[in-house]
Amino acid sequence: MIKKWLYLGIGLSFFQLTTAQNSNDKTPFLTINDSIYYKQDFERLYTKNLDMVADVHQKDVNKYFDLYVLYKLKLQEAYRLGLHEKESYKDEVSIFQEQLKEKFFINEKVLHDLVKEAVERDKYEVRASHILIKSPQENQKAYNKALEIREKIINGMDFSEAVLAYSEDPSAQKNKGDLGYFSVLKMVYPFESAAYNTPVGEVSLPIRSEFGYHLVYVTDKKRKPQVREISHIFVKKSEDNSFENAQTKAYTLYNQLQLGADFAELASTDSDDWAGRQQRGYFGRFVEKNFNIPHVGETVYDLQEQEFSQPIKSDFGYHLFKVEKIHPYISDDEAFFIMERKVKNDQRAKVLEDDLVEFLTKEYHFKPSFQEVKSKINLAFLQQPSYKPLKGKIYQNNAFTIENGKWSQTNEQMLKWVYDNKYSFDMYDEDDTIAQKAIEAYTLHVLKEYHEKQLPLKHPEYVYVLNEYKEGILLFDLMQSEVWEKARNNEQALLEIYEKEKKSFKPNKIYKGEIYKFNNKKSASKFLKTNRFSEKDISIYKGTFGINHQKLPNQLTIDDIQKGIISKNGNYYVFQNETTWETFPPFEELKSKIQEEYAIQFEKEYLENLKQKAKIQYSTEERTLLDEKYSKYKNN
């Protein structure tokens, strides 16, 4: 049976719509059961992918007309059966519609540039330290303070000393601002950009994130190592096993490995990592942060495939690592495909949202008036047990207008939306920040809502693509329920085909007898001569064996069975008292093939029946004009 995605793909290929020939001047061309179809629509569909169609017969406009009629007949039948009312259909269309709308909310060039930037950055790791000056909002005083600290560092103050003296990051006293190595998507976007754009050994200008102002000091930048799959042996330090004893055992294991011992065997018997022992030491992909061992990556990434490390000490004992496999770097195209989804879910999405707001503000002449009630949006407002409508003329004033008053909402409506979505802002505790984030979210919401309503007018291709998808789903559901399922479950028809055609299939061969399997040729020869054997040298199988029976030797077919000794895969076989015969494959063995065959036949009959019942009329004159217009494709 054709898979759903493939069936939809075929439908869209044949019947994809475009705005290239959109026209309000429509000529009645075809009538099917009182539904009218227009010449311009037919011609648009026919010409859409004409140059891409490899089959010459599909280029013939008359052949395509027949396909078009069948397409419309199937759609009418799907609607008649109410398939468009199924909840599964509505849910699937709804999901697709949401995905499709997003394509009209994203600046593809901005997205492409963000993804390309992330792909290039992802090739490297940066090690950086930072100083944080907390500031929930843009603040000139905090910015100037960060500038003063930077000036002191440039003039000779040690960065780690500046961290201890000035940083407001709670972890600064412990790590002296050192964040270790990180790559793309691991830090907030502004911080990441500062780290990647600042040369090694230099300090960035103050950059702002949602946490405040940062000074970023880049200490190293290096190519990301190739992904490694590793195995691991752990020797635990405990009250009963001192560091000295753990070290002794670890080096004993290391010496055994150097002498040729198998890493997996030692891991399964000697590792103190119980879960790893069950996997014979196999750990999977190496991620440095999964091991609380300083600079362990420097050791592991220096190892080549099948190499193992010396014992490495941690706070818990000693570790030995072996690199099982090194993965090659993926191509930029593959990386771009993977990264695009991540970028859409990363903080970079804010860049896309800001771009959208800027564009839609200009496109629809969006004019906000939020200052009137901005002060009402605060922590106390969000913490109310329920929303209470606010009274007063100010709340009936417009929060914004779009297209010179074509659409607006009141301050009351805005405040209600903010309250209903309050959990989006519960990460903030400063009133000014809460108000600003709420207004930004509300602005994006109303602009997208209005833009969505304009999509059918501003972007006809949105309607076309959505309709294509709807019709593709309906066609699939119709064929699934009315053709493929009925064909698959019509046992009587399938049995009739089987009885009629079974002799045309290649028969199976059956062997009945005894199979003697020896592990050496000498024992097999002795058995042939004396019919005697030693129990330790032989395995005996008796019974009836089909052509692929598991007891038959690998790669040995019944046609290979003969007198004497047969050598296969390092073993030696003798067959005795054999009988072979042929039998036709049973119905169950051929059922799936017959179902596929019958479905094709059933579909032809089903479609012919639809045509016979339908009232089809068309303009002979218009068809003649089309035939002449596209005559060059006949037998081309």
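Ranking 170, 69, 567 by Cα position along the charge dipole of the chain, where only Lys, Arg, Asp and Glu carry charges on their C-beta atoms, puts 567 farthest toward the positive end. Taking packing as the residue-averaged number of other Cβ atoms within 10 angstrom, the listed peptides 451-462, 271-282 run from highest to lowest as 271-282, 451-462. The residues neighbouring residue 307, those whose beta-carbon lies less than 11 Å from its own, together hold a net charge of -1 under the Lys/Arg +1, Asp/Glu -1 convention. Taking Cα centre as origin and charging only the Cβ of basic (Lys, Arg, +1) and acidic (Asp, Glu, -1) residues, the dipole magnitude of the chain rounds to 1520 debye.
Mean sequence separation of contacting Cα pairs (under 8 Å, at least six apart), scaled by the length of region 124-223, corresponds to a relative contact order of 45 percent. Spacing of the modelled spin labels on residue 279 and residue 429, each 7 Å from Cα toward Cβ, amounts to 3.9 nm. Calculate the length of the line joining the C-alpha centroid of region 137-158 to that of region 306-383, in whole Å. If you average the Cα positions of each part, the centres end up 27 Å apart. About its Cα centre, region 173-261 has a charge dipole of approximately 200 debye under the convention of +1 per Lys or Arg Cβ and -1 per Asp or Glu Cβ, with nothing else charged.
A simple spin-label model places the labels of residue 379 and residue 327 4.4 nm from each other, with each point 7 Å out along Cα-to-Cβ. Pairs of Cα atoms under 8 Å, at least six residues apart: use those to get the relative contact order of the chain, whole percent. Relative contact order comes out at 16 percent. Kirkwood radius, the chain, all distinct C-alpha pairs, inverse of mean reciprocal distance: 33.8 Å.
Rounded to the nearest 500, what is the 222 nm mean residue ellipticity of the chain from helices alone, with -39500 (n - 2.57) per DSSP H run of 4+ residues and division by all residues? List each step's numbers first, then the result.
Details: 25 runs with 301 residues, N = 636.
Mean residue ellipticity at 222 nm (helix-derived): -14500 deg cm²/dmol.
Quote the relative contact order of region 226-274 in percent (integer), defining contacts as alpha-carbon pairs under 8 Å separated by 6+ residues.
Working: 25 pairs, mean separation 27.2, N = 49.
Contact order relative to length: 56 percent.
In the calculated pair-distance distribution of region 117-271, the portion above 22 angstrom amounts to 55 percent of the Cα-Cα pairs.
Any read-out appearing in this document is the output of simple, stated calculations on the displayed coordinates, not a laboratory observation. If you're wondering where the values come from, they're calculated on a predicted model, not measured in any experiment. Glycine also receives a Cβ, built like all others from the backbone with ideal geometry; neighbour counts cover every protein chain displayed.
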